[in-house]
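These notes concern the structure reproduced below.
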Amino acid sequence: MNKLILSIAAAAVIAGGVSCSKKTDMSDNPFVKAYTTPYEIPPFDSISYSDYMPALQAGIEQKKAQIDSIVNNPAEATFDNTILALDRSGEILDKVSMVFFALDESNSSPEMVEISEKFYPTYSNFSDEITMNDALFARIKTVYDNRAGLDNDQRLLTEKYYKEFARNGALLDAAQKEELKALNTELTGLYLKYNKNLLNATNEFEIVVSDSARLAGLPASSVAMAAEEAASRNLGEGKWVFTLHAPSRLPLLQYADDRDLRREMYEGYTNLASDGTYNNLPVINKILQARAKKAKLLGFENFGAYMTDNVMAKTTENAENLLMQIWRPAVARVKEEVAEMQALSNAEGNTFEIAPYDYYYYAEKVRQKKYDLDEAKVREYFAVDSVRNGIFGMAERLYGIKFTEMPDAPKYYDEVTVYDVTDAKTGEHIAVFMTDYFPRASKRQGAWMSEFKGSWQKEDGTSSRPVIYNVGNFTRPTADTPALLTIDEVETMFHEFGHGLHGMLSRARYKGQAGTNVDRDFVELPSQIHEHWAFEPELLRTYAHHYKTGETIPDELIAKLEAASTHNQGFTTAELTGAALLDLQYGKLNPEGDIDIAAFEKEVAQNLGMPAELTFRYRSPYFKHIFGSDGYASGYYTYLWAEVLDTDGFELFKEKGIFDPETAQKFKENVLEKGGSEDPMVLYVNFRGKEPSVDALLRNRGLKPIPNVDLKEKSGK
């Protein structure tokens, strides 16, 4: 999942190559001069903690001067002297912020946390200063009012900047602007606190097991990983430690025979950051109140209306209507899944009813019984290097690009791998791609893609080539086995690589439209459509090899994977859709005081008819997508909105051939290369030939359509 949000934890930065030495001479600051590294990769070995704030200030001063030049230009405002000049401005600011945001998320430390408390507010305040600059906005408005004669991408970029400034206070009076600045500063601090609480609470939680009998059912790789975790904490022999990181948490829930152990893990996760020192509930209340005030100040009914006004959905109601077409079939499937699990549990002689902490465990048992598919066996064909070969092979066959490792390239951590991306026929350099796949205390949970440098047309007519990275938290290798990925981790690797392709292959002319600079509910199309290739037999046979024998995955196992592809989709779809609907309900609030967050979640679940056996994919205290920043607030629905597009689009590939050159070229030209230089639905129709419907999504998940229903029908409100 996306995977484009920012956050915070341990001194591993030093091991990763970022120096801690003190430097004060700006002439020696790597951010304020041209990078002399290959393809302008950031020179991580030369970056010190003491470089960030001076470079941020230098970047601010540079951009101020550039904006002054735009504002004081005596010529009438035009696209070139105003919009394009603004779009190209801020080189130093871009360099320092991209590196800081990346390392704060993936390779943080106590020093980075300390810097972040100054960096984010300073960055946010300067952003307000730009968007509330009356003279600059006046010139933007002049171009906006005369945009009819512009090229299409120029018109869209002008409209983007006009709307961005208006949405960030340009139309407010002086007193209102000061109020908005204060709210933005408050929100920046709250997001920082939320993320710190979440990271600290995650790292604090542990389950220590001393009795090996409690490990029954767990794969050997999970037991080995837990033993290594205990050893790293100096707990001695005969101890195993499980954490809330997905590679530790999910196998325990899926395989542990010890029901109390599963319950302990489930409750630890679902109560994460809900009390104690790292309690996020008070932080959420302050975020909700500040957002409501901000939306009202900007003329919107609520924060949800503010956030959806600027994307494809346009309103929360449109997003909600789509979700309800998915929610009801998912709930119907959950009832069937629970019935199957309950029957299996009863047959084993159990007398308990299936609880939420039983769902993963009995879903896996049903899968093994129904499809004779054991994921622990499947993982033996998905060593991380094999899957990486699969994504690279997919990209070469679809888009004609090749990946060559750069062992001596700069990197921010020793586990990062860097690749030179070239045209497979001509050898022309296209991009740099980095991968950082394993969890550590200094990295937040999840998986994401971003960039150290984007792609756009420079003043001399040449194109800036991007430096793109993927970050994950996949299962680590152990002493005796390589990293063996779960089915979900394989899909995630393909997903984030799809985002990476969006960044690497961008050919948009302007920085503000390049790569993933698209509508928030369109950005997940490139990532999600590439998930479909992961388990296509034609590609599977090229990369899925047994980690010990090298044997190609057998056809019998491929057939089982295909047969089980829609297994447990009720659960998967309902927990995702439920979280998206919870997010939209938060967006409708206008609280003046604190609300009971747990009670609100419960009310939403009751109104939805949430099955008792599951909960939201993310509960509020650890729903980082919507409370760790504004990134996906009132926008978590976008994963499903984009899935409507990706499932419909992949049906064209299935019809024509999954590696059909003409279809791949149409997708590359109309989606991957265009960025935000055209209306997203126009781009989709240019590729697909028609607009999509939700039917393809339901077919892909094995769900049956059920007529939509208004949320209020359940509650009687």
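Side notes on the structure shown:
- Alpha carbon centroid spacing (whole Å) that separates segment 294-327 from segment 638-654: 22
- Sequence-distant contacts, meaning Cα pairs under 8 Å at least 6 residues apart, place the relative contact order of segment 398-538 at 19 percent.
- Glu206 accessible area, 1.4 Å probe, all protein chains in place, Å² to nearest 10: 80
- With R₀ fixed at 41 Å, the C-beta to C-beta distance from Val71 to Asn350 puts the FRET efficiency at about 0.05.
- Remark: for residue pairs Lys95/Lys690; Lys365/Lys588; Lys286/Lys314; Lys141/Lys193; Lys369/Lys402, the C-alpha separation exceeds 31 Å in Lys95/Lys690; Lys365/Lys588; Lys141/Lys193; Lys369/Lys402.
- Here segment 289-383 is assigned +1 on the Cβ of each Lys and Arg and -1 on the Cβ of each Asp and Glu. Its dipole about the Cα centre then comes out at about 520 debye.
- The chain, helix-only ellipticity at 222 nm - DSSP H runs n ≥ 4, -39,500 (n - 2.57), divided by all residues, nearest 500: -16500 deg cm²/dmol
- In this structure the amide hydrogen of Ala431, modeled in the peptide plane, comes within under 5 Å of the amide hydrogens of Val421, none closer than 5 places in sequence on its chain.
- Centroid-to-centroid separation of segment 107-124 and segment 569-621 [C-alpha atoms, Å]: 31
- Selection from Leu501, Gln457, Pro38, by position along the positive dipole direction of the chain (Cβ): Gln457
- Listed residue pairs exceeding 20 Å between alpha carbons, taken from Lys453/Lys674; Lys453/Lys666; Lys511/Lys674; Lys196/Lys443: Lys453/Lys666
- At q = 0.18, 0.19 Å⁻¹, base-10 log of I(q)/I(0) for segment 343-459 (Debye sum, equal scatterers on each alpha carbon): -1.07, -1.13
- Segment 190-341 shape via C-alpha gyration tensor axes, a/c threshold 1.5: oblate
- Asn470 long-range amide H proximity, modeled H, under 5 Å: Met434, Thr435, Asp436
- Check: segment 36-90 dipole with +1 on Lys, Arg Cβ and -1 on Asp, Glu Cβ, in debye: 100
- Alpha-carbon Debye profile of the chain, log10 I(q)/I(0) at 0.05, 0.09 Å⁻¹: -0.24, -0.82
- Estimated vicinal HN-Hα couplings, Hz - segment 698-704 in sequence order (Karplus 6.51, -1.76, 1.60; Gly, Pro = x): 4, 4, 5, 8, x, 9, 9
- Residues in segment 601-606 carry Karplus couplings, in order, of 4, 4, 5, 4, 4, 5 Hz; the curve used is 6.51 cos²θ - 1.76 cosθ + 1.60 with θ = phi - 60°, and Gly or Pro positions show x.
- Each of Ile287, Ser527, Ser89 was placed along the dipole of the chain (beta-carbon charges, centred on the mean Cα), and the one lying farthest toward the positive end is Ile287.
- Net length gained if the chain between Ala599 and Phe659 were fully extended (0.36 nm per residue, minus Cα distance): 16.6 nm
- Legend: residues Glu603, Glu375, sorted from most to least accessible area (1.4 Å probe; ligands, DNA and RNA excluded), read Glu603, Glu375.
- Segment 360-417 and segment 38-103 have their alpha-carbon centroids 37 Å apart.
- Computed with a 1.4 Å probe over protein heavy atoms only, the accessible area of Tyr360 comes to about 70 Å².
- Under 12 Å, Cβ to Cβ, from Ala138 - net charge with Lys/Arg +1 and Asp/Glu -1: -1
- All-pairs Cα distance distribution in segment 183-263, expressed in whole percent, bin size 5 Å: 3, 14, 23, 19, 13, 8, 6, 6, 5, 3, 1
- Think of segment 125-208 as a dipole: +1 on every Lys or Arg Cβ, -1 on every Asp or Glu Cβ, centred on the Cα centre; then among Thr202, Ala138, Gln176, Ala138 lies furthest on the positive end.
- Taking θ as phi - 60° and the Karplus parameters 6.51, -1.76 and 1.60, the scalar couplings of segment 255-267 work out to 10, 5, 6, 6, 5, 5, 5, 5, 4, 4, 5, 4, 5 Hz in sequence order, x denoting glycine and proline.
- For the chain, a crude dipole built from +1 on the beta carbon of Lys and Arg and -1 on the beta carbon of Asp and Glu, taken about the Cα centre, is about 740 debye to the nearest 20.
- Those GluC sites (Glu not before Pro) in segment 435-492 that DSSP places in a loop and that have at most 16 other beta carbons within 10 Å: Glu459
- Exposure rank, largest accessible area first [Lys296, Lys602, Lys588; 1.4 Å]: Lys296, Lys602, Lys588
- Surrounding net charge for Pro482, when Lys and Arg each add one and Asp and Glu each subtract one, Cβ distance under 11 Å: 0
- Exposure check, 1.4 Å probe, all protein chains in place: Arg520 carries approximately 30 Å² of accessible surface.
The values are calculated or read from the model by the stated rules, or taken from the named source; none is laboratory data. Remember, it's a predicted structure, so these values are computed and weren't measured experimentally. Every residue, glycine among them, receives a Cβ derived from its backbone with ideal geometry; neighbour counts consider all protein chains shown. Side chains are part of the model used for accessible areas, which takes the heavy atoms of the whole protein and leaves out ligands, DNA and RNA. Shrake-Rupley method; radii C 1.70, N 1.55, O 1.52, S 1.80 Å.
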